[in-house]
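These notes are about the structure you will find just below.
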Amino acid sequence: MADQGNGKVRDLSRPQVESLFEQKLADAFAALGIFNLLVVGKTGVGKSTLVNAMFGSDVAKTGIGEPVTRGLTHYLLPDSFLGLYDAEGFETGMAGDAILTGLHSLVDQYAQKPAQEQLHAAWYLVRWSDRRFEQAQVDFVRKLVDLGLPVIIVLTQVPTMNDVIHPEALEFASYIDGLDLPIAGNVVLTNALVDHFTHAPVFGLQDLLDATYLVVPDVAEKALTAAQKVDISRKKKAVAAIINQASTIAAGIGATPIPFADAALLIPNQITMIARITAAYGLPPSKSRAMSMAGSVVLTGGATLAGRYAVTSLLKFIPGGAVAGSAISATVAASMTKAVGLAWSQVCEIALGLDEAQRDRFWASGQVAEQFLVFFKQNPGTGASLLKRVTKRA
Ligand SMILES: Nc1nc2c(ncn2[C@@H]2O[C@H](COP(=O)(O)OP(=O)(O)OP(=O)(O)O)[C@@H](O)[C@H]2O)c(=O)[nH]1
Ligand SMILES: [Mg+2]
């Protein structure tokens, strides 16, 4: 940061902002932690398909698998919020016993570790068309519960027609519910992939997510929100809280009104904010280079541009254009920060809607800063009304 000689910190250089943003991104990711999920079910029930539908990327394909025990693999995607334990190809009987033994030692080992590193939930998958829930499966589920894991039973590949769930799948679910297993809630019915022959749609993912939220410990909730791709409204809620916090901090900074020229004073707080927003959306920072470049462009270019936009528009209102003497008050500092946060979250939502290749191109393009500015200007709470407030004070 350059000291302007008046003891005030002024503009941060682009590389400074970039490296600060990169560091804050890493911090924000670390702070969210990891949601550790165990997924169990016979081969072909749709474990991988369901995980991909819920968490987006092909975890088992792209993650580095580390065998825990025969049939149990631990996947951790680089820079992901999901730790997946995939009991791949699990069958009841011998293989099931091996998995249970492996899980047992895993849980024992984890008992020494902090809560955020432990297994947080288990999904036990049953393909509806098996129409069979064997004694060995009953025993397996009971043992999972005995290990202290919240277990959710999921019926997979359930067909629907015109929004009507196959009655036999419903019957099968209530049969399992009737077994009074010590599981969390009721059996959840799902279909994780569109059937292109019958056109049976995807459904039940939100139900499964909601059921998972009910059992997930507080320490893993933020990671789950970031990791899942099904419920954007939960992400938005987390982001709104981050923006409010940052605005409050900005109000504190502006409590002693800052000259307009020193708007850069607000930037470090904004860097932290947009890093936390990015993480909360679950946007992978493995491309953090392009992302932090985009972020720094926005913060040094976009945010300054945004500030300049405010100033220039302001000039139109103030006779003589005496903006230089006017100051950023607490309210204005808070609104400006909020505007930056909202505009960045809109940028993140665009990125979220893109596939990985498109997203990389997006971050690397000049589009980000442009989009950011468009969103910033559109923001009703910050555009016109912000300017009005500043004008009054000037
Ligand atoms: N229509 C439809 N097909 C599914 C669904 N889930 C899985 N499938 C199909 O069933 C097959 C097996 O799915 P996977 O997700 O690989 O099953 P898995 O449980 O991971 O199998 P293993 O890794 O061998 O244990 C694939 O061909 C999927 O496309 C679903 O919800 N709906
Ligand atoms: Mg699989």
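Each value in this text was obtained by applying a stated rule to the coordinates, not by laboratory testing. Keep in mind that what you see is a predicted model, and the values were worked out from it rather than measured. Reconstructed Cβ throughout: ideal geometry from the backbone, glycine too, with neighbour counts over all protein chains shown.
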Sorted by chain and then number, the residues having a modelled amide H within less than 5 Å of the amide H of Asn36, at least 5 places away or on another chain, are Gly83, His120
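How big is D for the range 185-257, in µm² s⁻¹ as a whole number, if Stokes-Einstein is applied with the Kirkwood radius of its Cα pairs at 4 °C and 1.567 mPa s?
Working: Rh = 15.2 Å.
My calculation gives 85 µm²/s for D.
With an 8 Å cut-off on Cα pairs and a minimum separation of 6 or more residues, tell me the relative contact order of the range 33-227 in percent. Let's see the in-between values first.
Details: 354 pairs, mean separation 47.2, N = 195.
Value for the range 33-227: 24 percent.
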Ranked on Cβ counts within 10 Å of their own Cβ, fewest leading, Asp86, Asp355 go Asp355, Asp86
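What's the extension gain from Val194 to Arg132 if we count 0.36 nm per residue and subtract their Cα-Cα distance? Walk me through the numbers on the way to the answer.
Working: separation 62, 0.36 × 62 = 22.32 nm, distance 2.36 nm.
Computed gain between Val194 and Arg132 is 20.0 nm.
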The Cα radius of gyration of the range 118-272, divided by 2.2 N^0.38 Å with N its residue count, comes to 1.51
Of all DSSP beta bridges having both residues in the range 33-227, the percent classed as antiparallel (nearest 5) is 40 percent
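Once Rh is set to the Kirkwood radius over Cα pairs, what Stokes-Einstein translational diffusion coefficient, in µm²/s, holds for the range 33-227 at a temperature of 20 °C and a viscosity of 1.002 mPa s? Walk me through the intermediate numbers first.
Numbers: Rh = 16.8 Å.
Estimated diffusion coefficient is 127 µm²/s.
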